[in-house]
Amino acid sequence: MSGRREEILDAALAIADERGLEAVSMRALAERVGVTPMALYRHVKDKAALLDGMVGRLLSALLPTDGVDGVDAGEGPTWEQRLDALARACRAVTQRHPWAAHLLFSRPAVTPDAVRAVDIIYLALIEAGVPEREVPRLERLISTFVIGWAASEASGRFSPGALDPRGRRGQLPDGELPGHSRVGRWLDLPVDLTAEFEADLADIRRMVSAAAARGGE
């Protein structure tokens, strides 16, 4: 990536951080970097290309540099460690940029950094023993889970809201939600989202291992 294009994409990320993704426009971006809007088109041909470039810039933060934390320098990370590291990095990106999850969900992986992030998942699944015909499907499932989870956390969907547990229960119709009645005492407990995310990653690893085992039958 050229230095000028990198500067432009960083400026677009800064605008989104300050004013939200809807504030990112070619005109606002041109003002931020001190050029005319027409001058931007040498680096990003239109708004769609700008958004794709922003996705690539975000996903570049997910790509490994010096390995994976917790892995000795003399050995490579396992497929489980690579998948976990990518998922945790994606969550960290959306925690720093809450607007990013929507953008990641809405744009295809077309830039070099975005494609490399997908390739990490492909290679991890292949190394796990997943049949190649199943790899694209499982990559879509894993990516949708990770980005969807991060989007839900960033948007506040996992928060209990303003009501206390008793107030929430008081809004439910009596006898019409038997599932809620069965698990109600668990719904009222404080949620450790990091622990839940790690438990979900463990389930993803078991799912991948199960798919690999089925492929070998």
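The values are calculated or read from the model by the stated rules, or taken from the named source; none is laboratory data. These figures come from a predicted structure and were not determined experimentally. For neighbour counting, all protein chains shown are included, and Cβ atoms are generated from backbone atoms with ideal geometry for every residue, glycine included.
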Here the residues within the stretch 11-22 that are over 15 Å from residue 37 (Cβ atoms) and surrounded by 14 or more Cβ atoms within 10 Å (Cβ to Cβ) are 13, 16, 17, 21
TODO: Within the stretch 106-124, identify whether any single residue is farther than 29 Å from residue 44 by Cα, among the small types (Gly, Ala, Ser) and buried (at least 21 other Cβ atoms within 10 Å of the Cβ), and answer yes or no.
DONE: yes
Would you check if there is a residue in the stretch 20-32 being assigned to a helix (DSSP H, G or I) and within 20 Å of residue 113 (Cα to Cα)?
-> no
Condition set of a type in the set (A, V, I, L, M) and not in a loop (DSSP other than H, G, I, E, B), scope the stretch 33-48, selection nearest to residue 106 (Cα to Cα): answer is 48
Across (1) basic (Lys, Arg); (2) surrounded by 13 or more Cβ atoms within 10 Å (Cβ to Cβ); (3) modelled with pLDDT of 80 or more, residue 214 clears everything bar (2)
Residue 206 fails exactly one of (1) closer than 25 Å to residue 114 by Cα; (2) at pLDDT 95 or above, namely (1)
Within the stretch 87-139, of all residues that are of a type in the set (Gly, Ala, Ser) and part of a loop (DSSP other than H, G, I, E, B), the one nearest to residue 212 (Cα to Cα) is 129
